[in-house]
Each structure stands twice: as C-alpha cells, then as structure tokens.
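The values are calculated or read from the model by the stated rules, or taken from the named source; none is laboratory data. These numbers were taken from a predicted model, which means no experiment stands behind them. All Cβ positions, glycine included, derive from the backbone under ideal geometry; neighbour counts span all protein chains shown.
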Amino acid sequence: MRALTHRAVDARAGVPAGTTSAYLRTRQALIEAVVRRLADLDRADLATHDLPTEPPPAATGQGRDGGRTAEPAPGGRLGCVPCCGRSPAAEPGRGQATVDRSR
C-alpha cells in the first residue's frame, strides 16, 4: 500500500501530474476509491456468472474421491477453481501480489 500514491497513479495512468489529486484530495480518498473500484469489478464479474448453489466438496469435508483427503483441489494454491474458467494469474495485473521485503 505504500506504493499507492497520487503520483504513482498519475504515472501509471499516463495523465499529467496532479490529475489524481484534483479528484481525490487525500490519500485516504485515493485508497477508498481503489477499494470501491475493485469491489465494483468483482461485483460485475460475479454478476456475469452462474454461482453454485451447493457448497463445494471441500466445504463438506469430502474430497474429490468422496472421502476425506489432503489432496489440494484443482485450480491453484488455495484450491480455488474460478467459476468463469479463467486463471487470474493469466490476466495482466490480476492475481499478482508482490511483497517488498527490502524495508
């Protein structure tokens, strides 16, 4: 979150310096706008897909083979299979997290 600054947003968006701060005066307002935008994108993405009505097998304590298992579910490190069939890591800028440990 430290890298989220008005200046960084201006540079990434390719707009003149000061543009972001003209619309979002404080860093708090900038963070709130980013969170709101992410929630809107998630909401729109979820609205375009049929969501399952039954809990997944992992939620019932059952593995893919019908019994208890420690085998990870297909789709990723968290055992998540996107209902849309896309991999977030395959999309530029999505599904990628970095941690700056130099500080």
Does Gly67 satisfy the condition of being surrounded by 10 or more Cβ atoms within 10 Å (Cβ to Cβ), modelled with pLDDT under 90 and out of contact with any strand residue (DSSP E or B) (no Cβ under 8 Å at 6 or more places or on another chain)? no
Which pairs do you get when a residue that is within 13 Å of Val34 (Cβ to Cβ), found in segment 2-24, comes within reach of a residue that is among the acidic types (Asp, Glu) and not in a loop (DSSP other than H, G, I, E, B), reach meaning Cβ atoms under 6 angstrom, with the pair 6+ apart or on two chains? Thr20/Asp10
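Consider segment 9-42. How many of its residues are basic (Lys, Arg) and within 15 Å of the chain's Cα centre (by Cα)?
2
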Tell me, yes or no, whether segment 9-28 has at least one residue that is of a type in the set (A, V, I, L, M, F, W, C), part of a loop (DSSP other than H, G, I, E, B), at pLDDT below 90 and surrounded by 10 or more Cβ atoms within 10 Å (Cβ to Cβ). no
